[in-house]
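Written out below as structure tokens is the structure these notes cover.
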Amino acid sequence: MIRSYDRSNFIEDMKSRVFLSYAKEDKEIVERVYNEFERSGFRPFMAPKDVPTGVDWKQELKTAIESADPYLSEAARSAIRKLEAAKN
């Protein structure tokens, strides 16, 4: 049996996932990084923004971390450091 698939879901699944970990005091700058990743076609994840209401927070974060592209996670950290340096 041949299964049909929704091409848009397939393309969406191919986009790189980026997990953004941050301290509360960095939320504003991380939101800007999040928006830049999103505009560039990536799939950023940022808590609590991307944690659906009523789900197990710990499990949701674990899943997001495990499904993120590690290289892009490091790129996010680097971008945050650069933005912070520019701020000072």
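If we count every other residue with Cβ under 15 angstrom of K62's Cβ, Lys/Arg +1 and Asp/Glu -1, where does the sum land? Please report the intermediate quantities before stating the final value.
Numbers: positive: R17, K58; negative: D50, D56, E60, E66.
Counting the neighbours of K62, the net charge comes to -2.
All other residues with a Cβ under 13 Å from the Cβ of E84 taken together, and with Lys, Arg as +1 and Asp, Glu as -1, what is their net charge? Walk me through the numbers before you get to the answer.
Working: positive: K27, R32, R77, R81, K82, K87; negative: E25, D26, E28.
Net of charged neighbours comes to +3.
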Local electrostatic count at P44 - Lys and Arg +1, Asp and Glu -1, tallied over other residues with Cβ under 12 Å: +1
Distance violations [Cα-Cα > 21 Å] among K27/K49; K58/K82; K49/K82; K24/K49; K15/K87; K24/K82: K58/K82; K49/K82; K15/K87
Linear extension gain, E31 paired with T63, 0.36 nm per residue minus alpha-carbon span: 9.5 nm
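Any read-out appearing in this document is the output of simple, stated calculations on the displayed coordinates, not a laboratory observation. Everything quoted here is computed from the prediction, not taken from an experiment. Note that we place each Cβ from the backbone using ideal geometry, even for glycine, and neighbour counts take in every protein chain shown.
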